[in-house]
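Worksheet: one structure, shown below.
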């Protein structure tokens, strides 16, 4: 089972040239995400603002998954569960605040929602991560998938919160000074969150912690041999990754104001994974590119045909077969060849 | 009365277990021999159900439809292996997962295009549609007994095939060292295609057996594939014996949990609390079992020796 850790190039941090290249690229993306949505909103296309908001939220989830998938080399297929937990951390307290019961958490207060989202996803990540990380490779994939589906079925069976039919959030999380009911404010919150999370992850990936995590991906036995308890590092990364996705779920719940078990289904996890891999898992901004691609494809294809999953699935198969390393991988390969010729 | 209900639920559990085994057998084969993770296995289950439903409505005979749909599902598996899957053997598991996820999207949408969004129910012939009184007070539908019987026969056939034939010998040899088997002059490529087709046929058979009870529907495979994963994780990935025992275990625990957990909870807590907690816990029961098994034995209950 040696082939289960992903065989990929060393991360960008180790080479100066690529760092600046991708750094410039991410800067451009962040610039575009800062300018385009407000322009779209004020020029009378609020629909586009919604798409951008969804994009940024998905990007946060993808970036979160990438910590464990790209940097940790651990293929978690259950991250939609954290998004769901985060979203239900908004819906459940709001539901009880409206209809009574469960006084402990019943509230519209945004800090209660946020705290609950982060706490629940952290606890779930800690418990399941502690079990999942005892295994590797295909076992790890299937177990994370199974735990994700466990949350799906648990929520389906909770009739109080709508079960299969889902739950409408009547009142968004209330924060002092800002109102998430304003779509532009909500977008600004999402965008700022993405920027902060990417910055923190950038610092994290170049820290001792991040380098140890990547070392464990490249050669776990060697890391153990030099005295590193890789299990602890991976578990912490797993928890951070889950918490980021839980946060994305908190935002998603406030954005859609409708939550249902459908958003936890394992195929949703597959979509986030698709973003990470298609964008390029070893680069910090890769998942954001993947999220952009996903949204663009979803809209383009679903405009052509209602059966858009067919071309989408074919594209996924083709990209796995012919585009290892994702879009950024392909671009940097071309760049790499040029560099070799010049050097 | 209570004991007859228990007996009926035991049979239901056994039936679910048998179906799970048919599904996990194919996954175990493809994983054990080709080291390939196939998420799209559930789509073959769905394909079997739809093919059988169409053929039943067309020919008017359920039995004939099964006999025709089985080779057709195997053929579909064979074609999938030739077109997509074989290019993935040299890749890592992540690529397997992504590509077969794409495959699911394609197959589900194709089924949607061909058979429409609604499910198709399969009418059963009268001979299979009746009920049998096994003991006094224990009345079970004939078809459920047929499912159990067919599944056990398939399991026996698989056991004989793997352990007592030349093909089975090659399969076992391939599982322990495929490069060596290839070097000894065995056509590995055909062996792999054949094994994949066999797995597809078993999954399809499970779909055909389920369809008359639950109807053939889009996405039916995506629900059951995760439970199948739980089965092979608990059994120990790559172990046929583990898959069989774990499938029965999961089938029984899931069924019994759903029917008796609320009664059990009512002994421990208030009726109201029990009625809220029991469905949630019984929905999570097999996953909790998986967690418990993994916490003690990360490699599963019966890990294959060669791995």
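The values are calculated or read from the model by the stated rules, or taken from the named source; none is laboratory data. Treat the numbers as computed from the prediction; the structure is a model and nothing was measured. Cβ placement follows ideal geometry from the backbone for every residue including glycine, while neighbour counts extend to all protein chains displayed.
List of remarks:
- Exclusive hit being over 22 Å from residue B:37 (Cβ atoms) and buried (at least 23 other Cβ atoms within 10 Å of the Cβ), set A:155, A:127, A:143, A:105: A:155
- Among residues of the stretch B:233-251, those that are modelled with pLDDT of 90 or more and within 9 Å of chain A (Cβ to nearest Cβ), counted: 0
- When residue A:162 is tested against (1) surrounded by 18 or more Cβ atoms within 10 Å (Cβ to Cβ); (2) more than 8 Å from every other protein chain (Cβ to nearest Cβ); (3) on the phi < 0 side of the Ramachandran plot, exactly one condition is not met: (3).
- Count of the stretch A:180-209 residues which are farther than 16 Å from residue A:110 by Cα, assigned to a loop (DSSP other than H, G, I, E, B) and free of Cβ contacts under 8 Å to residues at least 40 places away in the same chain: 1
- Residue match in the stretch A:229-240 (condition: outside any helix (DSSP H, G or I) and at pLDDT 90 or above): yes
- For the residues A:277, A:244, A:295, A:272, the requirement of being at pLDDT 90 or above, touching a helix residue (DSSP H, G or I) at 6+ places or on another chain (Cβ under 9 Å) and within 14 Å of chain B (Cβ to nearest Cβ) singles out A:272.
- Selection over the stretch A:285-314 of residues that are within 20 Å of residue B:219 (Cα to Cα) and in contact (Cβ under 8 Å) with a residue 12 or more places away in the chain gives a count of 2.
- For residue A:57, the stated conditions hold: it is buried (at least 24 other Cβ atoms within 10 Å of the Cβ), in contact (Cβ under 8 Å) with a residue 60 or more places away in the chain and more than 14 Å from every other protein chain (Cβ to nearest Cβ).
- All positions within the stretch A:139-159 that are under 21 Å from the mean Cα position of the chain (by Cα) and facing chain B (nearest Cβ under 7 Å): A:141, A:142, A:143, A:145, A:146, A:147, A:149, A:150
- Residue tally, condition out of contact with any strand residue (DSSP E or B) (no Cβ under 8 Å at 6 or more places or on another chain) and either within 21 Å of residue B:96 (Cβ to Cβ) or in a helix (DSSP H, G or I) (or both), over the stretch A:144-173: 19
- Residue in the stretch B:293-304 that is over 19 Å from residue A:157 (Cα atoms) and exposed (fewer than 14 other Cβ atoms within 10 Å of the Cβ) present: yes
- Count of residues meeting criterion [over 27 Å from the mean Cα position of the chain (by Cα) and farther than 17 Å from residue A:163 by Cβ] in the stretch B:256-288: 12
- The residues listed here are B:196, B:192; of these, the one that is crowded, with 17+ Cβ neighbours inside 10 Å, closer than 29 Å to residue B:111 by Cα, away from every other protein chain (no Cβ under 11 Å) and more than 17 Å from the chain's Cα centre (by Cα) is B:192.
- Some residue of the stretch A:307-317 being more than 14 Å from chain B (Cβ to nearest Cβ) and over 12 Å from the mean Cα position of the chain (by Cα): no
- Only one of B:104, B:114 that is in contact (Cβ under 8 Å) with a residue 12 or more places away in the chain and at the interface with chain A (Cβ under 9 Å from one of its Cβ atoms): B:104
- When residue A:96 is tested against the conditions (1) closer than 30 Å to residue A:181 by Cα; (2) surrounded by fewer than 18 Cβ atoms within 10 Å (Cβ to Cβ), the lone failure is (2).
- Helices (runs of 4 or more DSSP H) contained entirely in the stretch A:28-143, each with at least 3 residues that are closer than 24 Å to residue B:291 by Cα: A:80-99, A:110-132
- Within the stretch B:67-87, tally of residues that are more than 14 Å from chain A (Cβ to nearest Cβ) and crowded, with 22+ Cβ neighbours inside 10 Å: 4
- Among the residues of the stretch A:210-232, those identified as in contact (Cβ under 8 Å) with a residue 24 or more places away in the chain and either crowded, with 19+ Cβ neighbours inside 10 Å or more than 18 Å from residue A:281 (Cβ to Cβ) (or both) are A:210, A:213, A:214, A:216, A:217, A:231.
- Annotation note: of A:169, A:131, the sole residue that is closer than 29 Å to residue B:274 by Cβ and touching a residue at least 60 places away in the same chain (Cβ under 8 Å) is A:169.
- Selection status of residue A:255, in a helix (DSSP H, G or I) and at pLDDT below 90: no
- The lone criterion from (1) modelled with pLDDT under 85; (2) touching a helix residue (DSSP H, G or I) at 6+ places or on another chain (Cβ under 8 Å); (3) over 27 Å from residue B:152 (Cα atoms) left unmet by residue B:271 is number (2).
- Residues (within 14 Å of chain B (Cβ to nearest Cβ), in a helix (DSSP H, G or I) and more than 12 Å from the chain's Cα centre (by Cα)) located in the stretch A:258-269: A:261, A:262, A:264, A:266, A:267
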